[in-house]
Every structure is written in structure tokens, then in C-alpha cells.
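The values are calculated or read from the model by the stated rules, or taken from the named source; none is laboratory data. Values in this document were obtained by computation on a predicted structure and should not be read as measured data. Cβ atoms come from the backbone with ideal geometry, glycine included; neighbour counts cover every protein chain shown. The accessibility values were calculated without ligands, DNA or RNA, using every heavy atom of the protein model including side chains. Shrake-Rupley method; radii C 1.70, N 1.55, O 1.52, S 1.80 Å.
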Amino acid sequence: MKYEYERISAKKVTEPSLAQMTENAIRVLERSENGYFLLVEGGRIDHGHHESRAFPALNDTVAFSEAVQKAMDITSEEDTLIVVTADHSLTFTMGGYPSINNPIFGLVDEFAKLGKLKGTVPEDGKPMLTLTYSDGPGYKVHRMKNGQEVPRKDLTHVDTTAPDFVQDAGVPRYEVSHGGEDVAIYARGPMSHLFHGVHEQNYIAHAMEYASCVGANRHHCTGPHGERDVLLSDGQQV
């Protein structure tokens, strides 16, 4: 698949959006009387981050959000569990104290450069990006020339909002590495109360198995008259 910005900017759009594919998949799978499982991945978010490119990564995050919203719009919270999470983060960071509404892909704005917030002006006197990576290929773009380390590139007259712009990085690597912080997990629908607080990643699969009434632990799935008996997040039974 193309990056989302490439898909929508093409002279002739030949690929469906992630939201469109999600809707089509649900329309086919919902025909089953036995329920269904669908995995939707915004895989190009990861690709953009690994390339140290915030523009495609964040635009594909928006496309993924639209796919989640589409799934919510065409399914019922009463009988469909939707779980949204990630398998890892990357060393993507935001800094510099930019003011509210400053372009996210741009440079930290004049509010900070003028020193109205103590300590926000970079010590080398050059503007800084709001979005950077701790490591990755951006180091060579911004801090090396002809194989030699040089002072950090001056981005004053550089279009940092361009789709192919590579963010700066603190350590040279062939690609941005995975991060170590916890990633979020969101859930809606039956048994969504199982997803709360901090969990080990392998917990998610067990919770989904339990909620879906598959696997070994199924004692909660049969009511007194043999019917399927699953608790909703508000304690009601279906």
C-alpha cells in the first residue's frame, strides 16, 4: 500500500483507503451467523516512523483513526468488541515548547525563539523542530556531510512540512528503533471492561479469547438455558 498522502494525491486513485477496506471486510464477515474476527493494521505508520519521517507516519495515523471510526459506525456496541492498540512505540518525541496551534511539522515558533520561555532557545542559535527522533537516519541528514560530522543543519529556510522531509535524530542509525514506553489500549463493546490500566502485551490475546468465547475458558458463555450469556461492559447480559 502507498502512504495515505501518496494515495490521495495520485492523479488517479487506484487504492481504497484503510477505512474503505475495513468497511468492506466487515460487510462480508458480518454475514456469518457465528460471528467473526477482523484484524486491521495501520502498518504504514510504522514504516514512516522507521524512516524518520513524521509526515507520512502521522497522516497514516489519521487514516487508521478513520478506519476505527468506520468500524464503530457500522457495528453495534452491544455485540461487537473493538480493541485498538499498538505492538510497540518508536523513539518519536516532541519538544521545544512550541506554542498552541504552531504547525506540528514546523519549527518551534517565534514564541520560544524570542526567549519568552526561559531555556527554550537552542544553544547553537538555530531553530529546532517540534518533532524529532532519538535515533535514526535523520542524524546523517542533519548532522553529517561527506561522511563527516558537521554542526547541526540550519533549517531556517527549509520546508520542514514537506512530505519527504526527514526529521532530525540524536544518534545515527539505519532506521529509527522501537521505543520502550507503554502503548495505549482502548476498547469498546462486550467485555471492554477487561482492558484497563497497565497490562502485559500477551494479556490482550487472552482477554479477547475470553470475550469471544473461544478457547478453554468458556464457562461464562452459556446461560442457565443453554443460550450464549456474555456480560456487557455495564454488567447486562446478552
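Summary table
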quantity	calculated
For the chain, built as a Gaussian network whose Cα springs stay under 10 Å, the top-fluctuating residue of His142, His49, His157	His157
Share of Cα-Cα pairs in the chain lying beyond 30 Å, as whole percent	43
Cα lying deepest toward the dipole's positive end in the chain, options Leu90, Gly42, Ile104, charges on Cβ	Ile104
Apportionment of accessible area to carbon and sulfur, the chain, percent (1.4 Å)	53
³J(HN,Hα), Karplus 6.51/-1.76/1.60, whole Hz, each residue of the range 77-82, x for Gly, Pro	5, 6, 9, 10, 8, 10
Point-charge dipole on Cβ atoms (K/R +1, D/E -1) for the chain, about Cα centre, debye to 20	860
Proximal aspartates and glutamates relative to Lys11, as straight alpha-carbon distance under 18 Å, when same-chain residues fewer than 8 apart are discounted	none
DSSP loop chymotrypsin sites (Phe, Trp or Tyr not before Pro) with at most 16 other Cβ within 10 Å excluded, longest remaining stretch of the chain	38-173
Highest-fluctuation residue, Gln69, Gln20, Gln148 considered, GNM on the chain with Cα pairs under 10 Å	Gln148
GNM result for the chain, Cα springs below 10 Å: residue of Pro137, Pro172, Pro122 fluctuating most strongly	Pro122
Solvent exposure of the chain as accessible area per residue, Å², 1.4 Å probe	62
Relative contact order, percent, the chain [alpha-carbon distance under 8 Å, six or more residues apart]	20
